[in-house]
Amino acid sequence: LKFRLAGYPRKHNEGRVEVFYNDEWGTICDDDFTLANAQVLCRHLGFVAATGWAHSAKYGKGVGRIWLDNVNCAGGEKSITDCKHRGWGNSDCSHEEDAGVICKDERIPGFKDSNVIEVRKLLARVGSLQSQLPGALLASLHGGQCKGCGQQVQPQAGWPLAPPLPVGHASPLSGLLSPCRLFTERQQLNYRLHSVSCTGTEVHLSMCSFEFYRGNTSTACGAGMPAVVSCVPGPLFATGNGHKKKQRQQQQGQPRIRLKGGAKIGEGRIEVLKSSEWGTICDDRWNLLSASVVCRELGFGSAKEALTGARMGQGTGPIHINEVQCLGTEKSLWSCPFKNITQEDCKHTEDAAVRCNIPYMGYENLIRLSGGRSRFEGRVEVAVGAGDGDQPRWGLVCGEGWGTLEAMVACRQLGLGFANHGLQETWYWDASNVTEMVLSGVKCAGHEMSLSHCQHHGTSLNCKNTGTRFAAGVICSETASDLLLHAPLVQETAYIEDRPLHMLYCAAEENCLSSSARLANWPYGHRRLLRFSSQIHNNGRADFRPKAGRHSWVWHECH
């Protein structure tokens, strides 16, 4: 059985349920449909749970067979086939009764999606070896001959220095390193793969051709050694200089591609610059190959997810291109075949996005939160003096000047998404055994990967209030609202109006007139006003102030 969501308009996690049975796609009737049915179907579709369901063909009428009717699940079934129903193809419904589901926007870990690569499950030995060579990807392959520790391995045919392997890091390999030290530290190595052959365009090592070792894997690869690669981080990830390099790149020339709406480095909605105007990409035919070209063009590794259905929020302005079909060899998205489209072909609900592999820099080990009510909030504590194998010393950050931009960087470094609030006082949270202030004068631009990349006072601490009650804090969120003013509408509707003072009493009471209005000869005379209409769109992935009650929203009818 296969399942998919269809229909329009819809988000990526909702839609009409269609099931592939007996070589034919069909729908499910809404008779006796319940939330328990939706729970089972959402798990089929790769989501953790259902939040609702829809009846009466809310997402449009399907075509073909109505495969299931009177479905009755308890909610815990592993498959829809375990639920009671009238039998496959036995229905008295029309397509006006097609059922839909709304699933929770959270994927089941490890769920196989054609546009998602699970990096963690590649090779058995990768995880255990990574601790010895952080940032490198290791694969047990038929490598070269060992000529003594510290010497470089001579690669055999099929294991070239170029082109770069499709590893999740930012730039080509610097070469193959001698793995002799690994043998002295780890006597038993289990080899899984050999004869790996990549073209260099693959988005993941598992997509290259290779052969499995059968039988006793500890005695395999008798003449060879474990292959080791050394990856050079791209310019964005050069230690300590990420933000400076980024500024230098921007000064050299405006890029024609960028990521927006993502909480973490290397993820976001793809926007491209065309005819001096930024626009988005439609998700038709959007896949990992094309997404990897984008990731590499931006200085990241290959793509780990090619996202459709505006998963990183809807963009604004034009949708520039559609049906991107990269081969994987291209250095830029603009070198790939694509179609120019009009607004009628695609909507912003179909904006393409990406999540890229990035080098592991370990920044999250240098920051932590304490005292908060959940893991998403707390007093910021940073590690200082952690170099050269020394034990890090944890301390607090001075709250003076701490704001949203600094909180954005802290939440990003923690891997907790967006910043809801940057707090200058944290006396109301539980106390911590960390009481020393070690960082002050923090001033961030907002795009840095670590607080250490922001401006700060360094070792010369300068903080008026050094007590723990004045330590900086954050409240982070996985999703955020993104308010955008519709600027063209303001320009198109703006006009000048001379309005009599006797019609402006309410506006004066609400303090909406300029200060000179107090000196006017009320109720005679008039004021010259700039009038315009406005629209504000929320293009983010969360409601704006969802907990604000109706009483806190004010509508001034008089002006």
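The values are calculated or read from the model by the stated rules, or taken from the named source; none is laboratory data. Predicted, not measured: the structure shown is a model, and the values here were computed from it. When we count neighbours, we look across all protein chains shown, and the Cβ atoms used for this are built from the backbone with ideal geometry, even at glycine. When the accessible area is computed, the model is the full protein with side chains, heavy atoms only, and any ligands, DNA or RNA have been set aside. Shrake-Rupley method; radii C 1.70, N 1.55, O 1.52, S 1.80 Å.
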*Radius 12 Å from Cβ of Ser56, net charge of other residues (Lys, Arg +1; Asp, Glu -1)*: -2
_Residue by residue through segment 428-439, what is 3J(HN,Hα) from phi via Karplus (6.51 cos²θ - 1.76 cosθ + 1.60, θ = phi - 60°)? Round to whole Hz and write x for glycine and proline._
7, 9, 4, 6, 10, 6, 8, 10, 7, 8, 10, 9
*Just the accessible area per residue of segment 2-103, please: how many Å² with a 1.4 Å probe?*
46
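On a 1.4 Å probe surface of the protein chains, which of Asp351, Asp543, Asp345, Asp23 comes out largest in accessible area, and what is the full order?
Details: Asp351 0, Asp543 115, Asp345 90, Asp23 135 Å².
I get Asp23, Asp543, Asp345, Asp351, largest accessible area first.
How charged is the neighbourhood of Ile321? Take every other residue with its Cβ under 9 Å from the Cβ of Ile321, and add Lys/Arg as +1 and Asp/Glu as -1.
Values: positive: Lys274, Lys339; negative: Glu323.
Local charge sum for Ile321: +1.
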_Just the number please: accessible area per residue for segment 363-477, 1.4 Å probe, all protein chains included, in Å²._
49
*asked:* Would you report the distance distribution of C-alpha pairs in segment 370-522 as whole percents per 10 angstrom bin, up to the bin with the largest distance?
replied: 10, 30, 21, 12, 16, 9, 2, 0
*Any chance you could look up the accessible area of Tyr524 with a 1.4 Å probe, heavy atoms only, rounded to 10 Å²?*
150
*Heavy-atom accessible surface of segment 363-477: percent carbon and sulfur, 1.4 Å*: 47
*asked:* Report the Cα centroid-to-centroid distance between segment 315-348 and segment 49-95 in angstrom, as an integer.
replied: 36
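Quick one: net charge around Ala471, please, counting Lys, Arg +1 and Asp, Glu -1 for every other residue with C-beta under 14 Å from its C-beta.
Details: positive: Arg368, Arg379, Lys464, Arg469; negative: Glu377, Glu381, Glu400, Glu406, Glu425, Asp430, Glu436.
Once positives and negatives cancel, what remains is -3.
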*asked:* Tell me the carbon and sulfur percent of the accessible area for segment 1-77, rounded to whole percent, probe radius 1.4 Å.
replied: 48
